[in-house]
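This report concerns only the one structure given below.
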Ligand code: SF4
């Protein structure tokens, strides 16, 4: 059932910017990123700490207008943890109603059940080296659809072995596409590629395109 407009029609936004999608199935596509402020997690490798606080309150209409100004086809709602703000659900619905191709990047710690079914969800399962493994909400796996993706960000060989166990335990490759991604500067992409090949894993390996292109520059 469609959500009704919220009484408080606003969201706290860290930035809205246009770039190439650096990860996931839509990698390389020009995309507008709407980065919502705030996250209840503190992953050790987090590269968007600046989005934990600050930002600006924007009305839904402002967010939609700023997004439309880039004439995008793809929109990614990210964070922080976007679902930490309740109005994120209504924003996602509004973006889908405007006929954008919408994806949501989420930590996997919060309930995804109410996310609009037109949204492509890219959901992390936090690995041990993130320091936030205990926050994984495994009930979410049952809410994913085939067009969604599960992402493991791997910092060590122990993370890789752990991810292989989760792949088996929850038959994740049958749920949706599974992404394995190395933490830049912590795990060699070449080593990860070799492990995946040696183990014949049904996963897609990815490196972060935006970091190859622009390094850690904020806003890309
Ligand atoms: S969930 Fe994402 S934004 Fe939050 S701390 Fe972890 S990496 Fe950073």
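Nothing in this text is a laboratory measurement; each read-out follows from the coordinates by a stated rule. The model shown is predicted, which means the values in this text are computed figures rather than measured ones. So basically every Cβ, Gly included, is an ideal-geometry build from the backbone, and we count neighbours across all protein chains shown.
Per residue, the convex hull spanned by the Cα atoms of the range 1-99 measures out at 112 cubic angstrom. Along its first, second and third principal axes, ordered by size, the range 102-163 spans 35, 18, 16 Å in Cα coordinates.
Taking 8 Å as the Cα distance limit and 6 or more residues as the minimum spacing, I'd like the relative contact order of the range 1-154 as a percentage. Don't skip to the answer; put the middle values down first.
Numbers: 291 pairs, mean separation 32.5, N = 154.
RCO, the range 1-154: 21 percent.
Within the listed set 76, 106, 190, the residue fluctuating most in the Gaussian network model of the chain (springs between alpha-carbon atoms under 10 angstrom) is 190.
In the chain, the calculated helix contribution to ellipticity at 222 nm averages -6500 deg cm²/dmol per residue, counting -39,500 (n - 2.57) for every DSSP H run with n ≥ 4.
Cα convex hull, the range 146-220: 95 Å³ per residue, rounded to a whole number. From the alpha carbon centroid of the range 70-106 to that of the range 3-53 is 8 Å. For the listed peptides 161-171, 6-16, a ranking on the average number of other beta carbons within 10 Å per residue, highest first, reads 6-16, 161-171.
Highest mean first, what order results for 93-103, 38-48 on Cβ atoms within 10 Å? The partial results should precede the final answer.
Working: 93-103: 18.3, 38-48: 16.3.
Top to bottom by mean Cβ count within 10 Å: 93-103, 38-48.
Please say if the chain is rounded, prolate or oblate, where rounded means a/c under 1.5 for a ≥ b ≥ c the square roots of the C-alpha gyration tensor eigenvalues, and otherwise the choice is prolate for a/b larger than b/c and oblate otherwise?
Note, shape of the chain comes out prolate.
Label sites at residue 205 and residue 189, each approximated as a point 7 angstrom past Cα along Cα to Cβ, lie 1.0 nm apart.
Could you calculate, for the range 46-89, the ratio of the Cα radius of gyration to the Kirkwood radius, expressed as Rg to Rh?
Numbers: Rg = 11.7 Å, Rh = 12.0 Å.
That ratio equals 0.97.
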